[in-house]
Amino acid sequence: KGLVSAVEKSILESGLGLNPSSDGPLVRVPIPALNEERRIELAKVANKYAEDARIAARNVRRHAMDDLKQSEKNNEFSKDEHHDYSIEIQELTDIYVGKIDELLAKKEKDIKQV
């Protein structure tokens, strides 16, 4: 019962365009009908989440490359191994960014389907 206001506030701040109303211990969230405008809005939200995921994947790549450079400086790897590992890291990043793009395209198709 004490978390009703926190739940309501979190839903409001989520950026989903939902307006919850509390009714005692209940939180009611009316979901608006999916008209064309709302579908476009939801597609934008999906794009935002996909871009956040792409940024996270690139950050992982950057950290891995930094670790790789540090290991090369510490003479743990040769330049050839460093090159091979950096190519492998880039390929993995490309694979996962591609998966994110595929999932976004599928989700946009689902959202825009009437």
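The values are calculated or read from the model by the stated rules, or taken from the named source; none is laboratory data. Here the structure is a predicted model, which means the values were calculated and not measured. So basically every Cβ, Gly included, is an ideal-geometry build from the backbone, and we count neighbours across all protein chains shown. Heads up: the accessible areas ignore ligands, DNA and RNA and are worked out on the full protein's heavy atoms, side chains in. Shrake-Rupley method; radii C 1.70, N 1.55, O 1.52, S 1.80 Å.
Restricting the first member to segment 2-28 and to residues that are free of Cβ contacts under 8 Å to residues at least 24 places away in the same chain, and the second to residues that are assigned to a loop (DSSP other than H, G, I, E, B) and open to solvent by less than 60 Å² (accessible area, probe 1.4 Å), the beta-carbon pairs closer than 6 Å and six or more apart or on different chains are E8/P20; I11/L18; I11/P20; L18/V29; P20/V29; V27/P20. Being at pLDDT 90 or above and basic (K, R) is a property that holds for K99.
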